[in-house]
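The values are calculated or read from the model by the stated rules, or taken from the named source; none is laboratory data. Since the model is a prediction, treat every value here as computed from it, not as a measurement. In this analysis, Cβ positions are derived from the backbone assuming ideal geometry, glycine residues included, and neighbour counts consider all displayed protein chains.
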Amino acid sequence: MKTEIIKIEKDPMDEDKLEYAAEVIRAGGLVAFPTETVYGLGANALDERAVKKIFEAKGRPSDNPLIVHIAQRSEADGLVKNKPAYASILMERFWPGPLTLIMDKADVVPRTTTAGLGTVAVRMPSHPVALALIRRSGLPIAAPSANTSGRPSPTCARHVIDDLYGKVDIIIDGGSAAVGLESTVLDITVSPPVILRPGGITPEELEKGLGSVVGIDPGLLRKPAPDLLPKSPGMKYKHYSPKADVVIIEGTLEKVAAKINTLIAEHEAGGMTVGVLATDQTKNLYPSKNTVISMGDRNSPENIAANLFKTLRKFDETGVRLILAEAVENTGIGLAVMNRMTKAAGYNIIRAD
Ligand code: TXA
Ligand code: MG
């Protein structure tokens, strides 16, 4: 398939190019586009044939449902039924933005989009190009992250090109994604609501917005029991993986650095090439002969979140076969960072003390 790469500036918005991409959506094609979280791979959410193409292009298992993106809060009403009491409060407070709400689906939403589930995930992104594309197409747009299934999500057009060139009609280049991690997925069919995937909106922000507690799915940081079916089907797959194996080391900073240095020596003695996923605070504590990449400043967890996927992809270019990754604090946006790192590591976590 021929893939066109279109650069669209936000300000002023290039309306002609946008109309061209919107027409491809209306015609049942695939358009990768920027959002504030990560790039999405979009198609008409109401057209089963178009949605099937998303699953094919990504190599995505057909039992993993898609998020439906809208450009106005009121558009959710046509996609869901039994809108829970929490819904309006959350939409007012967090939309547009990185929060996805799970609600019972209306009949217009095809089962292909929801992977057979009776619920649908809905989100109103805040990126101006995403909003404009949805508005122009006049349709709700189903969009998973625009990566090959299993790889780290794309935070810039280059990542999308690397994974999906030749498999989609259009890739819109709208610069780097600001948040860098996907949206928070919140199930509001239950009371209290439960976070199925931590993301751009933190549990603390949700509780403040709702004035009440939210639950957290127990599988977010620990390996779920094999017989426990996760409520968010996507969470059961190996995810966010660079080509190298990843091991997380947690504990106090000095002990983590010491442990990583011991592990480097051990693994190199066995002929392994080892890299370190470090932070600004620790990056100079490791041998300069090793590939050491900082994910950012520990005092700026948002910065670490924005860099994580980009950093994981960078290791692919270096050829290291093992990445020793420092754990970060798992509060605030750090919960989402640790969730993605834990998945990338296949739950392989070592305590340094
Ligand atoms: O930030 C984001 O959410 C990005 C951008 C493009 O909007 N999209 C994204 O989509 O991350 P995806 O497909 O990579 O992840 C969607 C997650 C999956 O874990 C999926 O299983 C879950 O949401 N999900 C979707 N519909 C669901 C449903 N009805 N019930 C439970 N989980 C659902
Ligand atoms: Mg994804």
Notebook entry, point to check: Of these, 85, 106, which one is surrounded by fewer than 20 Cβ atoms within 10 Å (Cβ to Cβ) and at pLDDT below 95?
Noted result: 85
Check: Just one of 179, 160 is within 27 Å of residue 207 (Cβ to Cβ) and within 16 Å of ligand 2 (Cβ to nearest atom); which is it?
Finding: 179
Notebook entry, point to check: If you scan the range 308-319, which residues turn out to be surrounded by fewer than 22 Cβ atoms within 10 Å (Cβ to Cβ) and in contact (Cβ under 8 Å) with a residue 40 or more places away in the chain?
Noted result: 310, 316, 318, 319
Notebook entry, point to check: Applying the selection to the range 37-48, what residues are within 15 Å of ligand 2 (Cβ to nearest atom) and not aliphatic (A, V, I, L, M)?
Noted result: 37, 39, 40, 42
Notebook entry, point to check: Among (1) crowded, with 22+ Cβ neighbours inside 10 Å; (2) more than 26 Å from residue 212 (Cβ to Cβ); (3) among the aliphatic types (A, V, I, L, M); (4) more than 9 Å from ligand 1 (Cβ to nearest atom), which single condition is residue 76 missing?
Noted result: (2)
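Please determine, by comparing only the residues of the range 233-248 that are among the small types (Gly, Ala, Ser) and in contact with a helix residue (DSSP H, G or I) (Cβ under 9 Å, 6 or more places away or on another chain), which one is modelled with the highest pLDDT.
Out of the qualifying residues, it is 244.
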Checklist line | All positions within the range 297-307 that are farther than 19 Å from residue 345 by Cα and crowded, with 20+ Cβ neighbours inside 10 Å | finding: 301
Note to self: The conditions are (1) in contact with a helix residue (DSSP H, G or I) (Cβ under 8 Å, 6 or more places away or on another chain); (2) at pLDDT 95 or above, and residue 62 fails exactly one of them. Which is it?
What the structure shows: (2)
Next item on the list: Quick one: which residue in 130, 143, 121 is farther than 24 Å from residue 19 by Cα, near ligand 1 (Cβ under 10 Å from one of its atoms) and modelled with pLDDT of 95 or more?
Entry: 121
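Against the condition more than 16 Å from ligand 2 (Cβ to nearest atom) and surrounded by fewer than 19 Cβ atoms within 10 Å (Cβ to Cβ), how does residue 64 come out, does it pass? Before you say what the answer is, go through the steps one by one.
Values: more than 16 Å from ligand 2 (Cβ to nearest atom): no; surrounded by fewer than 19 Cβ atoms within 10 Å (Cβ to Cβ): yes.
Criteria not met by residue 64.
State whether the residues of the range 257-273 include one that is basic (Lys, Arg) and surrounded by fewer than 22 Cβ atoms within 10 Å (Cβ to Cβ). Before the answer, list the steps.
Filtering the range 257-273 for residues basic (Lys, Arg) gives 259.
Pick out the ones that are also surrounded by fewer than 22 Cβ atoms within 10 Å (Cβ to Cβ) and you get 259.
Scanning the range 257-273 turns up at least one residue that is basic (Lys, Arg) and surrounded by fewer than 22 Cβ atoms within 10 Å (Cβ to Cβ).
From the residues in the range 100-121 that are in a strand (DSSP E or B) and within 16 Å of ligand 2 (Cβ to nearest atom), which one is nearest to the chain's Cα centre (by Cα)? Spell out the reasoning first.
Start the filter on the range 100-121 by keeping residues that are in a strand (DSSP E or B), which leaves 100-105, 119-121.
Checking the rest, the ones that are also within 16 Å of ligand 2 (Cβ to nearest atom) come to 100, 102, 121.
On the way: 100: 11, 102: 16, 121: 14 Å.
Among residues in the range 100-121 that are in a strand (DSSP E or B) and within 16 Å of ligand 2 (Cβ to nearest atom), the one nearest to the chain's Cα centre (by Cα) is 100.
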Item checked: Breaking point among (1) under 16 Å from the mean Cα position of the chain (by Cα); (2) under 30 Å from residue 213 (Cβ atoms); (3) more than 11 Å from ligand 1 (Cβ to nearest atom), for residue 191 -> (1)
